[in-house]
Amino acid sequence: MRRGRGAGWFWNMPLNGKIAVIFLGGISIPFFVISILVFQGIYRNAMESENQMLNRNLENVVSGVEGMLMDYEMTAEGVYDYEEFLKSAAAAEEPQAEQLNRDSSVNLMLSNIRRSREFMAGASFVFPDGSIVSQVSGYGRYEETVRETEGQMEELLAQMEGRVPGEVWQASVVGQKDANGRAAYFSGRRIIRNIYNRNQLVGIVILHISTLALDHLAVLDQEEDQGLLVILDGSNHLLWSNGDAEPVLALLSEYAQREGGKQELPGHRGQLEEYGNHYYICQESAYSGWRFIHMVPRGEVERQANMFLLFLALILCLIICFSVLCMALVHRFIVYPVRKLIVVMDEVDDLEKIHMQLPVGRKDEIGLLYGTYNRLNQRISGLVLQLTETLRQDKEKEIRLLHSQLNPHFIYNTLESISWIAYEKQLPEVSRVVAGLSEILKYSIKFSDAYVTFGNELEMLENYISIQRFRFEDRFLAVYDIDETLLNYKTVKFMFQPFVENALIHGFKQKEKDCRVTIRLYDQGEDIAAEIEDNGCGMEEVMVEQALSRYTKGIGIGNLNRSLQLRFGERYQIQIDSRPGRGTRIRLRIPKIP
């Protein structure tokens, strides 16, 4: 299987690096990615859950405050319980404070209404002509109450005339404020019409209620530890808060500047919104027009998500520690033994350390690898010993050959003497044969190396052919087609002689005349090609295979073929082209050796 080019860096990386990449890419990164996706889902669910909880709590606050305001509104409707006041107003052409309050009946009515509910700072009745009758309690001051009512007179008259819709409930902007900037009281208005005189407009009753009523409201008391809760009237005047309302007021100011004075907030529909390090949610009361804003620190809202994030970080640290531990164990039980094997294998070249064995004390793959190496090492050690013994024997043979050179020299001298006697006795054929045999013997002794030049080889071949002519009584003809530029290149000794001998002994066995042996030598690029061709009887294909076999008996063509392959390579083989009755052609090829 082919590896892509882009993966080469991984395959060339050390084993420790591969293991780190596998742990990092196969465990840590996928876990980190999955954890991020899970965290995003949990964070989104946590925020939705927190939004629903805060929204539900704020709805409870709105409902509780609206219920309290409705109770105070029912108190204002207590005016209808004073029949004498309504009948007096019906008798008057135009209800006025001076006319209806001559006997302090209006003061008494307002005093009773004020005392009917706790935290009432005062009660006022405004007649259509703008005259006012007011009653205050210990929760308020008369001057502030009157000044607040007079400041709203234009709006009150417009409301009585029906020209503008009136705000039922609003915060006081005249009275003193507490340490948190909250209004001292808030007021609610209700138009009174005479049920005894065709719903004649009598005036507006105004209740001034201390913000202590909100402090003692149970639903607001429960929200005291749930963040900052702020109540604003319809004009965004601060009515009540359970702490410093500065963050909410800053939010209103910033949003109004950004939106060109727009009074609404992005969270007015009950959706959780971000502001700095806080989240806030806002709802508006359809009954009173008040706005309820709940602002909580970011950490409180994200507490659940942060706990999961902490748990995730802990799990990630444990996975990293587990990965480091696994890599350490892999290094201890896999990487280190493999490196130890590499070190021992690198020392195989050192014959003194070739006998070194690895301890096999485990039965896993590493133990099997160690055992295989030990067996291979023993085999190599045995082969080295065998090779050493072979070299020693070859040296002994070479020494024996040097000692035996005396006998060839003695035979050579004897042949020289026989050749001289044959020449003296006028036997030239015998003299030539003996001289040729002497040259062949001299060639064998002189060129002890395995390589000779083509010139030397062909000269030896001519001597051999001259001897064979004497033997076969000139029945064959030797033809030479030689490129003389190749004579100085080297070749192996006795390269031509076996093939010529094979042609004379076997090829011409059944032929008495016209026998011809052709020896060719020509250039073939980087190689030199040689051919020995005869016109003898040829050979069967089975005989060709036997001749090339290294185990054949005879002149050793197979041995020569094997020798050429071992010396020069597999492509330098002997080729035999032979057919029965058509002769034989031998092709050889060897590289150019200067």
Based on what the data block shows, is residue 296 open to solvent by less than 60 Å² (accessible area, probe 1.4 Å), within 30 Å of residue 34 (Cβ to Cβ) and touching a strand residue (DSSP E or B) at 6+ places or on another chain (Cβ under 8 Å)? no
Considering the range 495-512 alone, what residues qualify as being out of contact with any Leu (no Cβ under 7 Å at 6 or more places or on another chain) and surrounded by fewer than 20 Cβ atoms within 10 Å (Cβ to Cβ)? 501, 505, 506, 509, 510, 511, 512
Among the listed residues 284, 302, which satisfies the condition of being at pLDDT 85 or above and surrounded by fewer than 22 Cβ atoms within 10 Å (Cβ to Cβ)? 284
Consider only pairs whose beta carbons are under 9 Å apart and that are at least six residues apart or on different chains; among these, list those whose first residue lies in the range 171-200 and is more than 21 Å from residue 151 (Cβ to Cβ) and whose second residue is charged (D, E, K, R) and part of a strand (DSSP E or B). 199/193; 200/193
Go through the range 293-321 and report how many residues are of a type outside the set (Val, Ile, Thr) and in a strand (DSSP E or B). 3
Would you be able to tell me the number of residues in the range 219-243 that are at pLDDT 85 or above and either open to solvent by 60 Å² or more (accessible area, probe 1.4 Å) or part of a strand (DSSP E or B) (or both)? 10
Every residue from the range 331-356 that is within 15 Å of residue 370 (Cα to Cα), open to solvent by 50 Å² or more (accessible area, probe 1.4 Å) and at pLDDT 70 or above: 333, 334, 336, 339, 340, 342, 343, 345
Among the helices (runs of 4 or more DSSP H) contained in the range 34-139, which hold 2 or more residues that are acidic (Asp, Glu)? 83-91
Do we have any residue at all in the range 82-92 that's under 30 Å from residue 306 (Cα atoms) and open to solvent by 30 Å² or more (accessible area, probe 1.4 Å)? no
Which residue pairs have Cβ atoms closer than 7 Å, lie 6 or more positions apart in sequence or on different chains, and pair a first residue in the range 461-490 that is at positive phi with a second residue that is open to solvent by less than 100 Å² (accessible area, probe 1.4 Å) and aliphatic (A, V, I, L, M)? none
Is there any pair linking a residue in the range 313-333 that is free of Cβ contacts under 8 Å to residues at least 24 places away in the same chain and under 16 Å from residue 29 (Cβ atoms) to one that is β-branched (Val, Ile, Thr) and open to solvent by 60 Å² or more (accessible area, probe 1.4 Å), with Cβ under 9 Å and at least six apart or on different chains, and which? 322/27
Which members of the range 467-492 meet the condition of being open to solvent by 40 Å² or more (accessible area, probe 1.4 Å), in contact with a strand residue (DSSP E or B) (Cβ under 9 Å, 6 or more places away or on another chain) and at pLDDT below 80? 469, 475
Step by step: first the residues of the range 513-531, then only those that are farther than 15 Å from residue 586 by Cα and within 60 Å of the chain's Cα centre (by Cα), then the one that is least open to solvent (accessible area, probe 1.4 Å). Which residue is that? 527
Here are some residues: 88, 131, 104, 124. Which one is touching a strand residue (DSSP E or B) at 6+ places or on another chain (Cβ under 7 Å) and small (Gly, Ala, Ser)? 124
Can we say residue 176 is surrounded by 14 or more Cβ atoms within 10 Å (Cβ to Cβ) and within 30 Å of residue 127 (Cβ to Cβ)? no
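The values are calculated or read from the model by the stated rules, or taken from the named source; none is laboratory data. The structure presented is a predicted model; accordingly, all values stated were derived computationally and were not measured. Neighbour counts are summed over all protein chains in view; Cβ atoms, including those assigned to glycine, are modelled from backbone coordinates with ideal geometry. All accessible areas refer to the heavy atoms of the entire protein, side chains included, with ligands and DNA or RNA removed. Shrake-Rupley method; radii C 1.70, N 1.55, O 1.52, S 1.80 Å.
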